[in-house]
Amino acid sequence: MNDWDRYWLKKDKKDGIVSILYDRIALFYRRYIIIQILNFFLDKNYSANSLLLHAGCGNGDVDAKAARKFIILSLDMSLIALKTNSSSDMLVQGDIFRMPVKEESLDGIYSLGLMEHFTENEIVEILKKFSQVVKKNGKIILFWPSECSLSVLFLKIVHFIINNIFRMDTKLHPDEITRIRSYWHTKSFCEKADLKITDYYFGPRDLFTYVVVTLKKRLA
């Protein structure tokens, strides 16, 4: 069983109370804050009935409104997460390195809290794959936490308290090994994948949770 299946199952009884509290806070945050900025950027970049891939969709709890306007293909490696996804009619189990999607078939791709779980080399490979499956004028939107994100700083404090003071040995989510350090850090990945940044946002719309990066192919 992979880390994401464990994350969705929450089988570790030792940290059950902490996990339940974390999940409730995270659910409230996604439903009332993250969903707003997500739909803002989707509406800004895609026309109605666009075919979009939500990469790393999880249980799809932020997709309900978007699914009424766009055609969403929901992809996740965790079958457990997909079984609880009621927002999409098209669910696909698989990983983003081997997506079962035809080249240049999508109007766009978006992800929330996905890229930070991969190494820098893996991120470049993922972006290259994304570029292959979007249309020439398609857009890719990445919601990607920064090292300066308030949520990152908050969770560092929470992990320190529960693990170092209460000695609970708890991990609330899989490791985030590559958070954004700067615009230029992000640009370095994109250039290697032959993508260009068309929009870069980090601000109060989501209380400084994500850097929102919008990408397009570099056309000859």
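A few comments on the model shown:
- Filtered residue count, region 59-105, keeping only those that are β-branched (Val, Ile, Thr) and touching a residue at least 40 places away in the same chain (Cβ under 8 Å): 5
- With respect to (1) in contact (Cβ under 8 Å) with a residue 24 or more places away in the chain; (2) of a type in the set (A, V, I, L, M); (3) within 26 Å of ILE35 (Cβ to Cβ), the lone exception for LEU155 is condition (1).
- Looking at region 1-104, the helices (runs of 4 or more DSSP H) lying wholly inside it that each contain 1 or more residues that are at pLDDT below 90 and under 24 Å from ASP199 (Cβ atoms) sit at 16-29.
- The residues listed here are THR178, THR119; of these, the one that is in contact (Cβ under 8 Å) with a residue 24 or more places away in the chain and surrounded by fewer than 16 Cβ atoms within 10 Å (Cβ to Cβ) is THR119.
- Flag for GLU125 being touching a residue at least 12 places away in the same chain (Cβ under 8 Å), in a helix (DSSP H, G or I) and out of contact with any Asp or Glu (no Cβ under 8 Å at 6 or more places or on another chain): yes
The values are calculated or read from the model by the stated rules, or taken from the named source; none is laboratory data. These figures come from a predicted structure and were not determined experimentally. Cβ coordinates were reconstructed from backbone atoms using ideal geometry, including for glycine residues, and neighbour counts include every protein chain displayed.
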